[in-house]
Amino acid sequence: MAVMNIREAINQTLHDAMERDPSVILLGEDVAGGAGTAGGQEAIGGIWGTSTGLIGKFGPERVIDTPISESAIIGAAAGAALAGMRPVAELMFADFIGVCGDQLINQIAKFRYMFGGKARCPVVVRLIYGAGMNSAAQHSQAFYNLLTAIPGLKVVLPTTPADAKGLMNEALHGDDPVMFFEHKALYGKKGEVPEGLHRVPFGHARMAREGGDVTIVALGRMVSFAEKVADKLAEEGIGCDVIDPRTTSPLDEEAILDSVEQTGRLVVVDESPPRCSVATDITALVAQKAFSSLDAPPECVTAPHTPIPFAPELERAYVPGPPAIEAAVRRTLDWG
Amino acid sequence: MQYSQDGLLRAYRRMATIRQFEERLHEEIAKGEIPGFTHLYAGQEAAAVGVCEHLDNDDMIVSTHRGHGHCIAKGCDVKAMMKEIYGRRDGLCKGRGGSMHIADTSIGMLGANGIVGAGAPQAVGAAIAARAEGKGKVAIAFSGDGACNQGTTFEAMNMAAVISVPAIFVFENNHYSEHTGDKYAVATDRDIASRAKAFGMEVWRANGCDFYDTFETMAELLDHVRGSGKPAAIELDTERFYGHFEGDPQRYRAKGEVDRLREERDALKIFRAHEATDEMLDLAQLDAIDEEVTALIDAAVDEAREAEKCDPSQIEEDVYAAY
Ligand SMILES: Cc1ncc(C[n+]2csc(CCOP(=O)(O)OP(=O)(O)O)c2C)c(N)n1
Ligand SMILES: [Mg+2]
């Protein structure tokens with residue numbers, strides 16, 4: 001198996017997919033870069049480095065640099081998908097779902113159901129998200145919570161290079177719109193990646209740690225923080241199950257419930273604010289379906305209910321970190 | 001056009017302040033002192049100042065991600081801006097916004113904005129408020145050649161024309177949106193003003209590296225808007241001297257492009273050349289301003305560095321509810 005980081009895994013998967021399937025196209029702002037400049041096309045290769053080399057291989061008809069027009073980007077992806085293509089559309093920052101909300105929420109999410117199951121809309125929207133780079137309130141948000149709430153959208157949060165490849169391939173083989181959330185701070189994370197057409201089915205969680213005393217369900221970047229805490233507590237003889245759901249819609253309820261039935265304790269770690277979040281959703285699931293297994297009240301470790309602040313001291317306080325997770329785990333153990 | 005000495009000195013001071021503010025930031029960012037992404041305005045000084053010198057505190061502007069120049073031209077406190085960019089507690093926005101989100105509504109600066117294209121509709125609303133007040137005030141949206149392609153900008157222009165309010169759309173065409181050229185992204189043959197015209201507005205064009213041209217053209221535009229209460233637009237041909245953001249390798253530029261721009265299109269050089277042949281100002285006066293501005297920026301950076309950092313226990317201030 002090759003070792004690469006998440007950025008490279010996504011780039012390689014896009015190369016392979018475009019090679020294999022001529023209906024796959026990529027569109028977004030500066031996904032090639034340099035259009036209409038002296039430096040020329042491909043002066044950039046995507047501002048995140050995930051689309052490097054694609055325009056050289058597949059040309060500007062399939063790798064489409066767009067003007068700054070998010071509604072038209074997602075709307076065009078929707079139309080291309082209805083007409084039989086498999087567009088991959090990039091939102092440079094997930095925050096820009098605020099600009100193209102209608103196309104995501106009222107359009108692509110609805111077609112298959114609303115058109116009596118006859119339409120397919122296999123759009124993959126790549127949303128680059130997450131805090132930690134002092135990018136402030138409009139360039140840092142973890143909006144998977146909003147899109148998880150919309151029936152008709154699948155929502156994916158890869159946290160390892162292997163899963164980035166496997167989940168992207170799965171998205172490119174399905175017939176439904178997939179919201180593919182890529183955390184900026186995880187792009188450099190390295191790992192082994194299976195060769196070939198590696199696919200990871202949606203709705204199957206990854207057990208990142210097995211410990212048996214406390215269940216930690218962590219989302220996106222929070223998985224690595226939860227792993228850190230689990231490793232630390234393991235030295236004290238406290239065993240944590242760390243569950244990475246990988247997809248928040250569909251959600252692997254079984255993996256979570258099975259674990260909580262064993263441990264009796266749940267901590268959910270979520271980078272987005274506390275209300276109406278994936279964290280509260282998972283907590284409600286456990287309260288409803290594993291109530292009698294619980295030995296302590298479920299804990300949610302989330303960002304505060306504020307926009308994301310700029311100053312480093314404030315942003316550090318905003319993003320949930322290992323100390324808050326550890327404290328929550330201990331509260332579940334000390335309860336009663 | 002009649003200029004006063006005081007007016008010209010003030011305009012030069014503002015342009016020099018923007019330039020030195022940005023050049024100093026360029027150095028400090030390279031040292032790793034400043035968090036986040038910063039988009040520098042150097043090169044576009046004549047645009048912000050040529051527009052804002054016509055305004056007072058009751059006129060309103062909405063700005064962009066490249067907002068430092070608009071802020072300074074509108075009269076924001078330079079030291080408080082610097083503290084904001086350093087993320088300090090007594091920065092202009094308490095360190096919560098940073099470079100991309102500087103605002104001071106008390107002087108009609110309604111906010112820099114991280115969302116490209118978000119400002120133009122807000123200027124329409126501000127113009128509704130200006131109309132309601134009935135004092136002949138205006139609201140101005142600064143937008144780039146990238147922002148002009150956003151649907152929100154089109155909607156704002158059409159709505160301003162339909163409801164007839166004193167909104168002014170200032171398009172600063174610096175020929176790039178991030179790494180993409182206006183030649184590619186602006187379908188109307190790089191011509192943005194003609195779009196505004198298509199919505200039934202009067203439009204103007206000016207050299208956005210030349211204070212006098214921008215200022216005089218804006219004077220005509222403002223006469224029209226203040227007289228008619230109708231919206232208008234202006235396209236300013238201007239340049240950015242640095243990367244899209246600090247750290248941008250700028251591979252899209254032609255060889256020697258920035259050197260040429262700094263030679264031929266430098267707003268401060270153009271201003272000085274103008275004054276060298278004009279009787280209004282003595283170049284020594286401009287030199288003296290440069291020195292005063294340097295002292296101001298030095299002090300701003302020193303104070304920002306020393307300033308108290310933000311207090312994490314205050315993170316939940318200014319939201320309506322906490323959980
Ligand atoms: C809605 C939205 N889309 C994309 C971006 C990313 N972005 C930031 S600035 C920029 C280019 C803006 O170009 P222009 O309007 O010409 O302004 P300039 O940078 O030249 O001042 C882009 C694409 C953004 N901030 N907001
Ligand atoms: Mg521009």
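Could you order B:242, B:252, B:3 by accessible surface area, starting with the largest, using a probe radius of 1.4 Å? Before the final figure, lay out the partial values.
On the way: B:242 25, B:252 0, B:3 50 Å².
The residues order as B:3, B:242, B:252, largest area first.
How high is the FRET efficiency from residue B:133 to residue B:189, r the C-beta distance, R0 35 Å, rounded to 0.05? Mind showing how you got there, number by number?
On the way: r = 39 Å, r/R0 = 1.11.
It comes out at approximately 0.35.
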Principal axes first, then extents: for the Cα atoms of chain A, list largest minus smallest coordinate on each axis, whole Å, largest first. 66, 46, 41
Sorted by mean Cβ packing within 10 Å, highest first, what order do the peptides A:59-68, B:253-262, B:230-239 take? B:230-239, A:59-68, B:253-262
Would you tell me the accessible area of residue B:195, worked out with a 1.4 angstrom probe on the heavy atoms of the protein chains, in Å² to the nearest 10? 30 Å²
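Please report, in debye to the nearest 20, how large the charge dipole of the protein assembly as shown is about its Cα centre when each Lys and Arg carries +1 at its beta carbon and each Asp and Glu carries -1 there.
Working: 63 positive and 98 negative charges, 355 e Å.
Its charge dipole is roughly 1700 debye.
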Amide H neighbours of residue A:209 under 5 Å, at least 5 residues apart or on other chains, H built in the peptide plane: list them. A:242
Quotient of Cα radius of gyration and Kirkwood radius for segment B:1-134, i.e. Rg/Rh, equals 0.98
What angle do you read, to the nearest 10 degrees and between 0 and 90, between the alpha-carbon axis of helix A:322-334 and the longest principal axis of chain A? 40 degrees
PRE reach from residue A:2 (point 7 Å along Cα→Cβ): which of segment A:30-54 fall under 16 Å by backbone N? A:50-54
Taking every residue of A:297-310, the Cβ atoms of other protein chains inside 10 Å of its Cβ average out to 4
Determine the dipole magnitude for chain B: charges of +1 sit on the beta-carbon of Lys and Arg, -1 on that of Asp and Glu, nothing else is charged, the reference point is the Cα centre, and the result goes in debye to the nearest 20. 1000 debye
Free-standing Cys residues across the protein assembly as shown, given no other cysteine C-beta under 4.7 angstrom: A:100, A:121, A:240, A:276, A:300, B:52, B:93, B:148, B:209, B:310
Can you compute the equivalent ellipsoid semi-axes for segment A:37-78, i.e. the square root of 5 times each eigenvalue of the Cα gyration tensor, sorted largest first and rounded to whole Å? 19, 12, 10
Near the amide H of residue B:204, under 5 Å away, which other amide H atoms are found, from residues 5 or more places off or on another chain, if H is placed in the peptide plane? B:233, B:234, B:235
For peptide B:181-189, the mean count of other chain Cβ atoms within 10 Å per residue Cβ is 4
Report, as a whole number in µm² per second, the diffusion coefficient that Stokes-Einstein gives for segment A:146-278 at 37 °C and 0.692 mPa s using the Kirkwood radius over alpha carbon pairs. 214 µm²/s
Whole-number D in µm²/s for segment B:185-266 (Stokes-Einstein; Kirkwood sum over Cα pairs; 4 °C, 1.567 mPa s): 87 µm²/s
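Would you mind putting A:96-105, A:24-33, A:270-279 in packing order, based on average other-beta-carbon counts within 10 Å, highest first? Can you show the working numbers first?
Details: A:96-105: 20.3, A:24-33: 24.4, A:270-279: 22.6.
Sorting A:96-105, A:24-33, A:270-279 by mean packing, highest first, produces A:24-33, A:270-279, A:96-105.
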Note on segment B:5-305, DSSP bridge orientation, antiparallel percent to nearest 5 equals 10 percent
Compute the angle between helix A:253-263 and the longest alpha-carbon principal axis of chain A, please, reported from 0 to 90 degrees and rounded to the nearest 10. 20 degrees
Could you pull the Cα extents of segment A:1-97 along its three principal axes, largest to smallest, in whole Å? 38, 34, 27
Log10 I(q)/I(0) at q = 0.23 Å⁻¹ for segment A:206-334, from Debye over equal alpha-carbon scatterers, is -1.42
Taking 2.2 N^0.38 Å as the expected size of a compact globular protein, what ratio does the Cα radius of gyration of segment A:2-193 give against it, to two decimals? 0.96
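For segment B:55-174, state the average projected area of the convex hull of the C-alpha atoms over all orientations, rounded to one decimal in nm².
On the way: hull surface 27.6 nm².
Reported value for the Cα convex hull: 6.9 nm².
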Per-residue mean of C-beta atoms belonging to partner chains within 10 Å, peptide A:131-139: 5
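Only four residue types carry charge here, +1 at the Cβ of Lys and Arg and -1 at the Cβ of Asp and Glu. Report the dipole size of segment B:172-263 about the Cα centre in Debye, rounded to the nearest 20.
On the way: 13 positive and 19 negative charges, 62 e Å.
So the dipole magnitude of segment B:172-263 works out to roughly 300 debye.
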Could I have the simple spin-label model distance between residue B:282 and residue B:198, label points 7 Å from Cα toward Cβ, reported in nm to one decimal? 5.3 nm
As straight-line cross-link partners of residue B:83, the qualifying lysines (C-alpha separation under 28 Å, not fewer than 8 residues apart within one chain) are A:184, B:31, B:74, B:94, B:309
Using every alpha carbon pair in segment A:209-255, what percent of pairs falls into each 10 Å bin from 0 up to the bin containing the largest distance? 30, 51, 18, 2
Residue B:10 paired with residue A:15, simple spin-label distance in nm, labels 7 Å along Cα-to-beta-carbon: 5.9 nm
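Antiparallel DSSP bridges in segment A:206-334: what percent, to the nearest 5? Intermediate results must be reported in sequence, preceding the final value.
Working: 3 of 15 bridges.
The answer is about 20 percent antiparallel.
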If the chain between residue A:197 and residue A:228 were fully extended at 0.36 nm per residue, the gain over the current Cα-Cα distance would be 8.1 nm
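Tell me the GluC sites (Glu not before Pro) within segment B:1-69 that lie in a loop according to DSSP and have at most 16 other beta-carbon atoms within 10 Å.
Numbers: sites: B:22, B:23, B:27, B:28, B:33, B:45, B:53; in loops: B:33, B:53.
Sparse-neighbourhood loop GluC sites (Glu not before Pro): B:33.
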Using the alpha-carbon centroid of each, what span in Å lies between segment A:63-100 and segment B:175-206? 22 Å
Put +1 on the Cβ of every Lys and Arg and -1 on every Asp and Glu Cβ in segment A:31-106; which of A:91, A:105, A:64 then has its Cα farthest towards the positive end of the dipole? A:64
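Tell me, rounded to the nearest percent, the portion of alpha carbon pairs in the protein assembly as shown spaced more than 37 Å apart.
Values: 88854 of 216811 pairs.
Cα-Cα pairs in the protein assembly as shown separated by more than 37 Å: 41 percent.
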Take the Cα coordinates of segment B:110-204, assign each an equal point scatterer, and use the Debye formula without solvent to give log10 I(q)/I(0) at q = 0.11, 0.19, 0.23 Å⁻¹. -0.30, -0.85, -1.17
Compactness check, chain B: C-alpha Rg relative to the 2.2 N^0.38 Å globular estimate gives 0.97
Where labels lie 7 Å past Cα in the beta-carbon direction, separation of residue B:219 and residue B:2 in nm: 1.0 nm
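The values are calculated or read from the model by the stated rules, or taken from the named source; none is laboratory data. Bear in mind the structure is a predicted one, so any value in this text is a computation, not a measurement. FYI the Cβ positions are ideal-geometry reconstructions off the backbone, even for glycines, and counts take in every protein chain you see. To get the accessible areas, we keep the full protein, side chains included, count just its heavy atoms, and leave off ligands, DNA and RNA. Shrake-Rupley method; radii C 1.70, N 1.55, O 1.52, S 1.80 Å.
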